[in-house]
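Report on the structure given below.
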């Protein structure tokens, strides 16, 4: 599985912690699109980079991080083809994959600790879309982009 990850300045430390978790998985390759320091950057630019890889197929999934996770998740969801889930707990991360087929995970570096973030990432990476009744709903979500 290929993952593209990116953060703004408010979540650089969380991004580094998440990258350590990604290294636990033998079948996961990841690409970091920045930012790489604490100088202010605009989170929509980071969301665009990560999501471009997901939409193009260069990455199977993406992870976006900012101070709260809110702004970057909103930006990501503006991009055609993206289903970004802002998750602060393991259950939501699992359900975002199983029921919503989320292809991007968002978290906030100023609101979530490294320990729970690692558990969220592990759950999100290992949960699979269940399809079935959820497929119809995901198709309806995606159809909203064309209205």
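The values are calculated or read from the model by the stated rules, or taken from the named source; none is laboratory data. If you're wondering where the values come from, they're calculated on a predicted model, not measured in any experiment. Every residue, glycine as well, gets a Cβ built from its backbone with ideal geometry; the counts of neighbours run over all protein chains shown.
Pull up the range 17-41, narrow it to residues that are under 17 Å from residue 110 (Cβ atoms) and surrounded by fewer than 15 Cβ atoms within 10 Å (Cβ to Cβ), then point me to the one that is modelled with the lowest pLDDT.
38
Looking at (1) free of Cβ contacts under 8 Å to residues at least 40 places away in the same chain; (2) surrounded by 21 or more Cβ atoms within 10 Å (Cβ to Cβ); (3) within 21 Å of residue 144 (Cβ to Cβ), can you tell me which one residue 105 breaks?
Result: residue 105 passes all but (1).
Of the residues 63, 72, 79, which is in contact (Cβ under 8 Å) with a residue 24 or more places away in the chain, part of a loop (DSSP other than H, G, I, E, B) and within 15 Å of the chain's Cα centre (by Cα)?
Matching residue, one of 63, 72, 79: 79.
Just checking, how many residues over the range 24-34 are free of Cβ contacts under 8 Å to residues at least 60 places away in the same chain and in a loop (DSSP other than H, G, I, E, B)?
Summing the residues that are free of Cβ contacts under 8 Å to residues at least 60 places away in the same chain and in a loop (DSSP other than H, G, I, E, B) in the range 24-34 gives 4.
Surrounded by 13 or more Cβ atoms within 10 Å (Cβ to Cβ) and out of contact with any helix residue (DSSP H, G or I) (no Cβ under 8 Å at 6 or more places or on another chain), is that true of residue 142?
yes
Is there any pair with a first residue in the range 1-23 that is on the phi < 0 side of the Ramachandran plot and free of Cβ contacts under 8 Å to residues at least 60 places away in the same chain and a second that is surrounded by fewer than 16 Cβ atoms within 10 Å (Cβ to Cβ) and in a strand (DSSP E or B) whose Cβ atoms are under 8 Å apart and which are 6 or more apart or on different chains, and what are they?
Note: pairs meeting the criteria are 2/29; 2/31; 4/31.
If a residue must be closer than 20 Å to residue 67 by Cβ and either assigned to a helix (DSSP H, G or I) or at pLDDT below 95 (or both), how many such residues does the range 82-123 contain?
So the count comes out to 9.
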